[in-house]
Amino acid sequence: MKEAELHPHNHGFRWHAISGPFRIIGEAQARSFNERGYFVLENALDRATIERTIDAIAPWEAKGEELLRSQPNKRAFIAEADGITFTAHLVKRAAALRELSAAPLFADLCHDVIGPDVRLYWDQAVYKKPEYPKPFPWHQDNGYTYIEPQQYLTCWIPLTDADQKNGCPWVIPGGHLRGTLKHHLTELGWVCRDEDGPEAAPMPVRAGSVLVFSSLMPHRTGPNLTREVRKTYILQYAPDGARVVETGAPCDAPDRQYLILKDDTRVPPPPL
């Protein structure tokens, strides 16, 4: 397969390897993150936390679905009624999700993977509805809104078991090492790669575990061929001081991009 072109903003990128001492991950996970771009944190969330998260998301996801159904083509950019919904900025609406975003688990992950000063960058629920046949195409998270530093953190949290039948992630091990790739826009979203290739690997993840990967990891998800909703909540974290390249805007919106760590010390989220 032909090597992908780099994003026009990507000049002189060098991967910054993570190194200990670590608070929550082990040496094998750190090595996997550096070499492959991802690792799985098994059994990170208990059942009660998963249920609280689902309950907090439910009314807002339902409102989004209702809005999509009112559109002439039942679509809004990459979201589609009865297909796939993206419910963003939930930390602005639900205290339970605000607390989860700044929980010790994620603060420790931020310390281990990003550094001493970290902000929440983005949060969203992604629900794939039953028997939805479309994949979500190959992309990098930094291919949607290009920020610097390019290297930030995505925590992909399955709220229901995710496997190849209902749309688990697929990854390209090592695909993070060149930085952000050139993307082109399609009906299904921004795309950096059109084919799987032999190196593509499925990443089934059970509810309660967390797939932790770099913002530069090329990944996709498959269709949901089951009769149940595949539910995922995504938390992303960036170094304090990160900026959107196109506009120069800092990633520090106080209501949703609050500090998680300051000088290696956990910061409680501001009240709603």
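The values are calculated or read from the model by the stated rules, or taken from the named source; none is laboratory data. What you see is a predicted model, and the numbers here were worked out from it, not measured in a lab. Cβ sites come from the backbone with ideal geometry, for glycine too, and all protein chains shown count toward neighbours.
Report, by residue number, each residue of the range 210-228 that is crowded, with 24+ Cβ neighbours inside 10 Å, touching a Gly at 6+ places or on another chain (Cβ under 8 Å) and small (G, A, S).
Selection gives S214 alone.
Of all residues in the range 12-52, which are under 27 Å from Y144 (Cα atoms), surrounded by fewer than 11 Cβ atoms within 10 Å (Cβ to Cβ) and modelled with pLDDT of 95 or more?
R14, A17
Which residue, of Y127, Y121, is within 16 Å of the chain's Cα centre (by Cα), of a type in the set (S, T, Y), closer than 17 Å to L225 by Cβ and surrounded by 22 or more Cβ atoms within 10 Å (Cβ to Cβ)?
From the options Y127, Y121, the qualifying one is Y127.
Only one of these is within 20 Å of G37 (Cα to Cα) and touching a helix residue (DSSP H, G or I) at 6+ places or on another chain (Cβ under 7 Å): T145, T180. Name it.
T180
What is the one condition in (1) surrounded by fewer than 17 Cβ atoms within 10 Å (Cβ to Cβ); (2) at pLDDT 95 or above; (3) hydrophobic (A, V, I, L, M, F, W, C) that L185 does not satisfy?
If we test L185 against (1) surrounded by fewer than 17 Cβ atoms within 10 Å (Cβ to Cβ); (2) at pLDDT 95 or above; (3) hydrophobic (A, V, I, L, M, F, W, C), just (2) comes out false.
With respect to R243, determine if the residue is basic (K, R) and within 22 Å of I50 (Cα to Cα).
no
Consider R220 against the criteria (1) part of a loop (DSSP other than H, G, I, E, B); (2) touching a residue at least 24 places away in the same chain (Cβ under 8 Å): it satisfies all of them except one. Which criterion is unmet?
Unmet condition: (1).
Please list, ordered by first then second residue, the pairs with beta carbon atoms under 7 Å, 6 or more apart or interchain, first in the range 233-247 and charged (D, E, K, R), second part of a strand (DSSP E or B).
Once the first residue is charged (D, E, K, R) and sits in the range 233-247, its partners that are part of a strand (DSSP E or B) give D240/V118; D240/R119; D240/L259; R243/I147; R243/E148; R243/P250.
Would you please name the residue that is farthest from E61 (Cα to Cα), looking only at residues in the range 132-182 that are without any contact (Cβ under 8 Å) to a residue 60 or more places away in the chain and of a type in the set (D, E)?
Looking at residues that are without any contact (Cβ under 8 Å) to a residue 60 or more places away in the chain and of a type in the set (D, E), I get D163.
Please specify each residue of the range 79-100 satisfying the condition of being of a type outside the set (A, V, I, L, M, F, W, C) and crowded, with 23+ Cβ neighbours inside 10 Å.
Scanning the range 79-100 gives T85, R98.
Condition first: under 14 Å from R119 (Cα atoms) and of a type in the set (A, V, I, L, M). Now tell me which residues in the range 209-243 satisfy that.
L235, A238, A242
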